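Undergrad: Mind looking over this structure? Questions follow.
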Amino acid sequence: MTKITPQPGIMEIAPYEGGASHVAGIANVVKLSSNENPFGPSDRAREAYAKAAYSLHRYPSSDHAALRHAIAELHGLDPARIICGAGSDEIIAFLCQAYAGPGTEVIHTEHGFAMYRISALAAGALPIEVPERERVTDVDAILAAVTDATRLVFIANPNNPTGTMIGEGEIARLAEALPPHVLLVLDGAYAEYVEGYDGGAGLVDRRENVVMTRTFSKLYGLGGLRVGWAYGPAHVIDVLNRIRGPFNLSAPALAAAEAAVRDTEWVAKCRADNTRLRAWLAEALAEHGVPSDTSTANFILARFANRAQAEACDEHLRADGLIVRRVAGYNLPQCLRITVGDEASCRRVAHTIGQFMGAGA
């Protein structure tokens, strides 16, 4: 019998399942299951990616200096305190690898992003799930769960899959109340969808116990390239750079991301279109008897009477070639997460759900 065994906690991880992209028997489906930008990346990003193909024989930059400086210029940050990763997922894993481990705890909320729990377990730490209040992060519940073993607190703001967020005052209150051995991680994957929100960057500048993560996978439309970044105190970024692989991002990905972050007109257009279509979709679903919380991201969390109704509606949508996301794995079995697509997709979703609800589902 083999005695080769993995580290404790790893076998508790269920393999991650991404949003579906195919429906058997249907050729042309509309994928609204992964919160992708329906308009894709900007032309400038596509051009930069294509140009990078001529240098595929060269190793990419190991310090990501050009991208870090572009990000810093846009957001008014210190480029030396920015780290880039293969999506913000990799940076979440770095944080758990660096600061958690056997005998420690990592806090996340009950409807929080699945990678917090996965990365904690992979590092040998114990993930601690705390309740939310009506699908909104509860600062007091988090503080009540903190112990001497707590090392990291993860908050997605806006949250996935709920779309809700808490105000900057509440985030600051949490950071102030955490004991000195705990690092607060603000996951801002959807921060760009909130006009005027800095994702917590100002709080990072004022404190030594807060890190902010961001991604190019959502608003920037570069999910296929896997580029993310984080901004944090110098002591944290120094630690993370010691475990980051020197070539964790490809040259085409770096080039496309730099071009994307500089194309502010495209970003503004995508944000405005999402805001308009998100409001329309939420109102249309509400008129059909399907409520949702006010979303600040690029998706709607549609709530149904129970799990059976949600799953029946999902099947009805799939039969029409519309793929959305079941979120029972996020403790929301009665809900479906629906990405805000282009106008035609939003109208199709609303029409199909209207048919389903009108049939007495």
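The values are calculated or read from the model by the stated rules, or taken from the named source; none is laboratory data. Remember, it's a predicted structure, so these values are computed and weren't measured experimentally. Cβ sites come from the backbone with ideal geometry, for glycine too, and all protein chains shown count toward neighbours.
Undergrad: Got a sec? Which of Glu129, Glu195 is of a type in the set (Asp, Glu) and either in a strand (DSSP E or B) or over 19 Å from the mean Cα position of the chain (by Cα) (or both)? Walk me through it before giving the result.
TA: Details: Glu195 fails: either in a strand (DSSP E or B) or over 19 Å from the mean Cα position of the chain (by Cα) (or both).
The conditions single out Glu129.
Undergrad: A further question follows. For region 69-87, which residues satisfy the criterion of being within 20 Å of the chain's Cα centre (by Cα) and not aliphatic (A, V, I, L, M)?
TA: At the first step, the residues of region 69-87 found to be within 20 Å of the chain's Cα centre (by Cα) are 71, 75, 82-87.
Of everything in region 69-87, those that are within 20 Å of the chain's Cα centre (by Cα) and not aliphatic (A, V, I, L, M) turn out to be His75, Cys84, Gly85, Gly87.
Undergrad: I'd like to know if region 23-31 contains one or more residues that are surrounded by 12 or more Cβ atoms within 10 Å (Cβ to Cβ), closer than 30 Å to Arg348 by Cβ and either under 22 Å from the mean Cα position of the chain (by Cα) or among the charged types (D, E, K, R) (or both). Please lay out each step first, then the result.
TA: Narrowing region 23-31 to residues surrounded by 12 or more Cβ atoms within 10 Å (Cβ to Cβ): 23, 26, 29-31.
So of that shortlist, the ones also closer than 30 Å to Arg348 by Cβ come out as 23, 26, 29-31.
Then drop every residue that is not either under 22 Å from the mean Cα position of the chain (by Cα) or among the charged types (D, E, K, R) (or both), which leaves 30-31.
Looking through region 23-31, at least one residue is surrounded by 12 or more Cβ atoms within 10 Å (Cβ to Cβ), closer than 30 Å to Arg348 by Cβ and either under 22 Å from the mean Cα position of the chain (by Cα) or among the charged types (D, E, K, R) (or both).
Undergrad: State whether the residues of region 274-289 include one that is assigned by TED's automatic domain parsing to the domain that holds Cys346, within 17 Å of Asn331 (Cβ to Cβ) and outside any helix (DSSP H, G or I). So that I can check it myself, show each step before the final result.
TA: So the first thing to find is which residues in region 274-289 are assigned by TED's automatic domain parsing to the domain that holds Cys346, and the list is 274-289.
Then drop every residue that is not within 17 Å of Asn331 (Cβ to Cβ), which leaves none.
The answer is no; no qualifying residue exists.
Undergrad: So if I check each of Ala272, Ala328, Ala286, which one is within 29 Å of Leu74 (Cβ to Cβ), surrounded by fewer than 17 Cβ atoms within 10 Å (Cβ to Cβ) and of a type in the set (A, V, I, L, M)?
TA: Working: Ala328 fails: within 29 Å of Leu74 (Cβ to Cβ); Ala286 fails: within 29 Å of Leu74 (Cβ to Cβ).
That would be Ala272, the only listed residue that is within 29 Å of Leu74 (Cβ to Cβ), surrounded by fewer than 17 Cβ atoms within 10 Å (Cβ to Cβ) and of a type in the set (A, V, I, L, M).
Undergrad: Still on this structure: Determine if region 244-254 includes at least one residue that is surrounded by fewer than 17 Cβ atoms within 10 Å (Cβ to Cβ) and without any contact (Cβ under 8 Å) to a residue 12 or more places away in the chain.
TA: Within region 244-254, one or more residues are surrounded by fewer than 17 Cβ atoms within 10 Å (Cβ to Cβ) and without any contact (Cβ under 8 Å) to a residue 12 or more places away in the chain.
Undergrad: Of the residues Ala359, Ala350, Ala297, Ala305, which single one is touching a Pro at 6+ places or on another chain (Cβ under 8 Å) and either at pLDDT 95 or above or surrounded by fewer than 16 Cβ atoms within 10 Å (Cβ to Cβ) (or both)? Quick ask: steps written out before the conclusion?
TA: Working: Ala359 fails: touching a Pro at 6+ places or on another chain (Cβ under 8 Å); Ala350 fails: touching a Pro at 6+ places or on another chain (Cβ under 8 Å); Ala305 fails: touching a Pro at 6+ places or on another chain (Cβ under 8 Å).
None of the other options fit; the residue is Ala297.
Undergrad: Could you check region 80-103 and list, in sequence order, the residues that are without any contact (Cβ under 8 Å) to a residue 60 or more places away in the chain and under 20 Å from Ser250 (Cα atoms)?
TA: Filtering region 80-103 down to residues without any contact (Cβ under 8 Å) to a residue 60 or more places away in the chain leaves 93, 96, 100-101, 103.
Residue satisfying the conditions is Ala93 alone.
Undergrad: Okay, next question. If I filter region 308-322 down to residues being in contact (Cβ under 8 Å) with a residue 24 or more places away in the chain and touching a Lys or Arg at 6+ places or on another chain (Cβ under 8 Å), which single residue comes out as surrounded by the fewest Cβ atoms within 10 Å (Cβ to Cβ)?
TA: Once the filter is applied, the top-ranked residue is Asp320.
Undergrad: So for region 104-111 (the condition being surrounded by 22 or more Cβ atoms within 10 Å (Cβ to Cβ), over 24 Å from Asp198 (Cα atoms), in contact (Cβ under 8 Å) with a residue 12 or more places away in the chain and over 21 Å from the mean Cα position of the chain (by Cα)), does at least one residue qualify?
TA: As a first pass, look at region 104-111 and keep what is surrounded by 22 or more Cβ atoms within 10 Å (Cβ to Cβ): 106-109, 111.
Narrowing further to those that are over 24 Å from Asp198 (Cα atoms): 106.
Among the residues that remain, those that are also in contact (Cβ under 8 Å) with a residue 12 or more places away in the chain are: 106.
Now drop any that are not over 21 Å from the mean Cα position of the chain (by Cα), which leaves none.
No, that holds for no residue.
Undergrad: Sort through Gln7, Gln97 and tell me the only one that's in a helix (DSSP H, G or I) and of a type outside the set (Gly, Ala, Ser). Let's see the steps before the verdict.
TA: On the way: Gln7 fails: in a helix (DSSP H, G or I).
None of the other options fit; the residue is Gln97.
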